[in-house]
Structure formats: structure tokens, C-alpha cells
Amino acid sequence: MALSLRSSWDSEKVDDVPPLEEDSRRRDSTSSDSSSVSSDMRRRSSGSELSMEAPSPFAGSRRVSHALSYSSAMSSSTMSGDITSHVEEVLLILKSIENISVLTVEQKMRLRYCMEIIAQNRLYEPIMQRSISSEFDNDDEFEGFLEAFAGKRDRKRSFSGSVQAAQLVRRAADIMRSRVAEKKARAASVTAAPIIEPPSPSHERLTRPESAMEHFQTRNRGSSVQDLTTTKRVTQLLERVHDCDFDIFEFKDACQGYELSIIVYHLFKNYQFLTQFDLSKDAFINYVQRIQDGYISTNPYHNATHAADVTQAVAYFLMGARLYETAKLTDLETMSLVFAAAIHDFQHPGLNNVFHVRAGRPLAILYNDRAVLENHHVAAAFGLLQNEHCNFLTRLSDEQKRAFRECVIAAVLSTDMSQHFKELGVVKSKLQTVEFMKFSQLEDRQLAVNMALHAADVSNPTRPLPVYLRWIDRVMEEFFAQGDEEKRLGLPVSMFMDRSNSSIPKCQFGFMDVIVQPLFTVFNQLLPDLSPACESLARNKAHFQKQLDEEHPHSPLRRRASMRSGPVGFLPGSPQVRQPLHVRSTSDLIKQ
């Protein structure tokens, strides 16, 4: 796995390109030229770090102006024929700039590098610096960490061809055995139902079997939710719902097991969504109770308490950190974000996407191995709205329903950890533009919504240490349960999921260092009032840094810590430039 970016071009001489006038005779071959950029830019097996101090490639401004004018004329000609794209237009412009004879060989190589990255759609591919992986024993361990926490693994190094083929064969066999077992189970008992299954017309089957009908067969839960919100202790705790140090476990005890239902109901009522959008109150209470019951209570981590915690974190971002004001969110977008937080892990089975794909589970097959659980969470949650007793959105206009659904789907899918680095790179790039901070475009507000939900989903390390430690106990127990199941099935045990040899301090420090801290550093740029959460994150990270130093006094982590200073997410640099820590995207490098 390449952990640093190098200027690894072929050593062959870069010949001068024919004059611009000759390019007009090659317009018809533009597409093939663009597609051959990748093949033209084969990388060296070794080389020095790509220098960013070279003279600007835009020397000779008159020739550049000529190139841009020519490219514009050529693109206009192209537009009169076949449909093209912005990527093709940009590549044409860069191609014409490359033809300028005054450019040096190094400048042309850099320009070709930019063209290759754009043509291969790799602008937001993360560039892992060597300092990240120094806390792991080797690159394979670091890749295992990324696979466990971000659902990613370097495809170039993951498997040899023969090993991969053998695994595919085994996986196909596992899928066939799973299908045969399912048919036998259905034949043995037509009433049997899996704990979790794809949405179907029978929406009663979307929740756990033991609670599928109890909403309409037991006590009036709506009355319970409303009554509990008025109790003195619950009322006192809800007054702090916009604080970053909110203790969800204390809240759970006060709510008598209704923590998710009560916090969602409180926010919808407090933010006046029920009246503003004329929502059916009874149907809404029925719905949030069905959502609470749809979370599997036996999961140590992915349960209704986690969903309530994420929902409270979203409330903190919206009002405590002023996301609602900063991102200029509409009320419908705000309601969509709160709703998405409540349902973002609905019916989570306690086993992650990697497990479902490796084991060939039905959900992985249904969603083609892409964002398996995230797709199911949102599909099952919207499936419940088909029940007339739960559909609280009936009075929204068709346009509002469409906008609400699109916003929720995008937000929940953004919690797929395999998209973490890409989405973080997009936000970092957007923050460099003035237009983004105006939030006048729907896509920019949606990006803010997505980032808020994703940050809330991984916000445990930003909580007070006693609360964070309770979450660690729960998430590690769920990890170990998955590791036990992977062993039982003969699957590779995911990193940090083997209860016999996993280092919890190393797991949590890596999670904060690689995932949470870079995310909150960027989020803090968008929301300056997020600083209390970032400070809590820094304290918790220092706590586990100390534990790691005690476990491994000569580890690279101790050496790294002694080199660091400055605020969260930054490394010491020159007085003029402070370099962001750890992860950059290819687009960052191009902009430099």
C-alpha cells in the first residue's frame, strides 16, 4: 500500500508536443487522447517525493491564454455534436496547456499527473501519510484497521489472483449453502422469520418478531412517551439536550427504556415540526415507538441507546454548535436530519458490512455489497411509513415528501464508513471556496447534513471520558461477538475483533487518530462553536496515548507524541503554514 505520494513517472523523455495549430487536425481523436492519459502516465517503481516548490506551470501567460481560447473554441465545437461532460472539457483545457513549449519537463509531468487523476476519478482518493501507519506494526495491520473501521482495503495488495479466485469460489459455495438452509427452514416452519430481512409488502415483518404486533396489543405507549417527557427528572435532562457533554446513559435510566422515542418526540415538538408541517401526532408517536423497538436490544452497541445518543449529538450540532444557522438549513432539512439520526441504524444486526459481504448474507446480495446495512436501515424505516398507523407525513405535499426522502437517504448512506475519506476530502475541498460557505446551493446544505450525521455517528470519543469508556465496553463486546462468529464460520477475523489478542487502547487511539480527529478538525472549521467537543476529543486521545505508552514504552507512538504540538488535528509547521494532520486527498495536492 502506497503510504506517500511520489513523482513516479517513467524516466522516458517528455517530447515537445506539436504546435496548437496542428491539434485542430486531431479533434476527432480527442476522446481517445483523454482515455489514453492513464496509459501515457505509467508510474516509476521508485522516485523522490513530488516537489511542490517548482516554478508555476503557468509561465508564459500569453501562450496559456492562447491555449485556453483554443480549448474553448474546440469544446464549443464538441458541444455541437455528441454530449460531453465537464471532465472532458477540463481535460481538453489541460491538454492544450500541456502543448505550450515553454513548459519544463517537470511541469509537463505534473500536468499529466493532474490529468491522470481527473481521468481516473481519483480526486478524493485519500493519501495516507507514513505518520499514520507508524502506530501499527506493519502496513498489513494498518490496512486491517482501515478495513475494520472504514470498510476499505488496498485492492492492489489484498489478494493474489489465485487466492482471490479461491475465496470467490468459497463465497459462492457459502451463498448456495445459505440458500439451501433457508429453503429447509421455510419448509420446516412457515412461521419462522429471520431477525432482519429486506423490506417487503408485509411491513409488520420489518421489526423483530417478538415485538411486531405489541404496539397495538399492549399498553398505550403514546401516553407513556408523553407522560415521561413531563416528569421532573426527564425534563431536567432535556434542558441540556443541546450540550456536548450530555450523558445518554443517565437519560436512558430516567426514561425507563423509552430514550429514543422521548428524545425524538421532544425535538420534533421543541423545533415545532409537529405544528409547522401539520404532522399527525398519534401516527408520529406510533412510528417512533416502532423505530425504538426495531433496534435490537441485545446488541451491546448498535441499539436504541446508540440511536438516541446520535440524535442528541445532532441536536448539539444544530443548536449548540449553530449548524442550523451556519449552514442556513431549511426547516424541512433540519427535520430530515433529526429523523435520519433516529433511524440511521434501524434493525442493525450487530454485524458490520464487511461481515455481511464476506459471509454472503442475503442483505449483501440484495444490495450488491454496496452500503449493505445503510441501505437496509433507510429502506426498512421508510417501509414502516406504509403502515397507516405510523405514516405521520400524510399532510406533506408531494414535493416536500420527495425532498424529505432524498435528504434522509443521502444522510443515512453517508454513514457508510467506506465513504469516510472520500466525503471528508470533498468537504475539505469545498471549504476552500467562498460559494460553499454561503450554503445557497442544495448540494452544499446536503453535504453539511451528511457531515453532521456522520460526525454524530462517531462522536463517542468527544464525550466526557466516563461516558466514552462505557461506550468502549459496548462496542468492543460487539466487535468480539462478531469475531467469534467469524471464527465459527471459518472467515478471517477482522482486526480488533479477536477477543484473545486485541489491544483496546490501540484500537481506540487509532480510531481517534485516523477517523474521528481529522473529521472533527474539518467540521470545526465549518462550526467554530464545535471547539468544546474537539477539546474533549483531545483529552480522551491523550488518555489512551498514556495507556499505550505504558503498554509499549518503545513504540512509535511515543516518538510521534513527543513531536506534536498545537491544536487538535495539526502538526507543527512554519509560522505561515500549519499542515493538516494525517489524511489528505489527491485534490488537496493538485490545488497546491
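Only residues that are within 20 Å of Asp282 (Cβ to Cβ) and in a helix (DSSP H, G or I) were counted in the stretch 373-399, giving 4.
Collect the residues in the stretch 247-305 that are surrounded by 19 or more Cβ atoms within 10 Å (Cβ to Cβ), acidic (Asp, Glu) and farther than 16 Å from Gln226 by Cα, keeping them in residue-number order. Across the stretch 247-305, the qualifying residue is only Asp293. Of all residues in the stretch 320-358, those satisfying the criterion of being of a type in the set (D, E, K, R), in contact (Cβ under 8 Å) with a residue 12 or more places away in the chain and open to solvent by 30 Å² or more (accessible area, probe 1.4 Å) are Arg322, Lys328, Asp331, Arg358.
Taking the conditions exactly as written (at pLDDT 95 or above, of a type in the set (Asp, Glu) and closer than 30 Å to Glu325 by Cβ), does Asp473 satisfy them or not? Spelling it out, it is not the case that Asp473 is at pLDDT 95 or above, of a type in the set (Asp, Glu) and closer than 30 Å to Glu325 by Cβ. Asn540 fulfils the conditions (1) surrounded by fewer than 16 Cβ atoms within 10 Å (Cβ to Cβ); (2) under 22 Å from Ala452 (Cβ atoms); (3) of a type outside the set (D, E, K, R) except for a single criterion, (1).
Residue by residue through the stretch 504-537, note down the ones that are touching a residue at least 12 places away in the same chain (Cβ under 8 Å), out of contact with any helix residue (DSSP H, G or I) (no Cβ under 8 Å at 6 or more places or on another chain) and not charged (D, E, K, R). Don't jump to the end; show me each part of the working.
First pass over the stretch 504-537, keeping only residues touching a residue at least 12 places away in the same chain (Cβ under 8 Å): 504-527, 529-530, 532-537.
Narrowing the set further to residues that are out of contact with any helix residue (DSSP H, G or I) (no Cβ under 8 Å at 6 or more places or on another chain) leaves 525, 532, 535.
Correct list: Gln525, Pro532.
Take the conditions at pLDDT 95 or above and within 28 Å of Phe317 (Cβ to Cβ) and apply them to Phe392. Does it pass? Before the answer, list the steps.
Working: at pLDDT 95 or above: yes; within 28 Å of Phe317 (Cβ to Cβ): yes.
Answer is yes for this residue.
Restricting attention to the stretch 421-438 and to residues that are in a helix (DSSP H, G or I) and open to solvent by 60 Å² or more (accessible area, probe 1.4 Å), the residue that is farthest from His344 (Cα to Cα) turns out to be Val434.
Taken over the stretch 405-420, the criterion of being open to solvent by less than 10 Å² (accessible area, probe 1.4 Å), closer than 18 Å to Leu519 by Cβ and either charged (D, E, K, R) or part of a helix (DSSP H, G or I) (or both) is satisfied by Ala411, Val412, His420. Given Asp243, Asp253, which one is more than 23 Å from Gly350 (Cβ to Cβ) and out of contact with any strand residue (DSSP E or B) (no Cβ under 6 Å at 6 or more places or on another chain)? So the residue among Asp243, Asp253 that is more than 23 Å from Gly350 (Cβ to Cβ) and out of contact with any strand residue (DSSP E or B) (no Cβ under 6 Å at 6 or more places or on another chain) is Asp243.
The values are calculated or read from the model by the stated rules, or taken from the named source; none is laboratory data. This one's a predicted model, so the numbers in the text were calculated from it and none came from an experiment. Counting neighbours? That spans all protein chains shown, and the Cβs are built from the backbone with ideal geometry, glycine included. Accessible surface areas use protein heavy atoms only, side chains included; no ligands, DNA or RNA. Shrake-Rupley method; radii C 1.70, N 1.55, O 1.52, S 1.80 Å.
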